[in-house]
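Working notes, beginning with the structure itself.
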Amino acid sequence: MNLITREELKARIDSGDDFKLVMVLSEWAFRAKHIPGSLNIDNPAKATELLSPDDDIVLYCSDPACPASKFAYQLLTGAGYEKVSRYAGGITDWEENGLPLEGEWAEEPGSGLGANGDAGGQPSYPGREGLSARQIRSRVRCPARRCVSA
């Protein structure tokens, strides 16, 4: 499997390289946040419709354990696509290193605020102002359809 690092991907984006950056998660995940300039391709039929075997393609999903980009890589290379790479770190690695994201839940790096200066479209939790979405998720459990604080 041909892997690309975060630094290599950032350099390609910054230099304006001609390639297709593809997030292979659901439309909902894409709308929430994605690396700027990404396409959203969430199924094999859409992949063959929107991508050419001659395209230079970089695939990513959520994190190194996510199987979606691994599956998409195997599917495309098996179908004769030769210039395919996988950014294994995904959204998690990109975001944790303070790099920009787009989408309704994307935060401006270091601010905790979305692109519109709001909470990034995220739900508000009374008494938890100032906490990141990750901190809130780690403190809330929702067993049996009712949320309770941890």
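The values are calculated or read from the model by the stated rules, or taken from the named source; none is laboratory data. Model, not experiment: these values are computed from the prediction. Here Cβ is always computed from backbone atoms with ideal geometry, including for glycine, and neighbour counts include all displayed protein chains.
Residues are listed down the side, and each one gets a yes or a no for (1) out of contact with any strand residue (DSSP E or B) (no Cβ under 8 Å at 6 or more places or on another chain); (2) charged (D, E, K, R):
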site: Leu3; (1), (2): no, no
site: Met23; (1), (2): no, no
site: Arg31; (1), (2): yes, yes
site: Ile57; (1), (2): no, no
site: Tyr81; (1), (2): no, no
site: Ala88; (1), (2): no, no
site: Thr92; (1), (2): yes, no
site: Glu102; (1), (2): no, yes
site: Glu107; (1), (2): no, yes
Could you identify the single residue in Pro36, Pro53 that is modelled with pLDDT of 95 or more, in a loop (DSSP other than H, G, I, E, B), farther than 22 Å from Trp105 by Cβ and of a type outside the set (Ser, Thr, Tyr)? Pro53
Could you identify the single residue in Val58, Val84, Val22 that is hydrophobic (A, V, I, L, M, F, W, C), at negative phi, modelled with pLDDT of 95 or more and over 15 Å from the mean Cα position of the chain (by Cα)? Val84
Could you grab me the full set of residues in segment 1-33 that are β-branched (Val, Ile, Thr) and either part of a loop (DSSP other than H, G, I, E, B) or more than 21 Å from Leu75 (Cα to Cα) (or both)? Ile4, Thr5, Ile13, Val24
Selection count where residues are within 25 Å of Gly16 (Cα to Cα), touching a helix residue (DSSP H, G or I) at 6+ places or on another chain (Cβ under 7 Å) and not charged (D, E, K, R), scope segment 35-50: 6
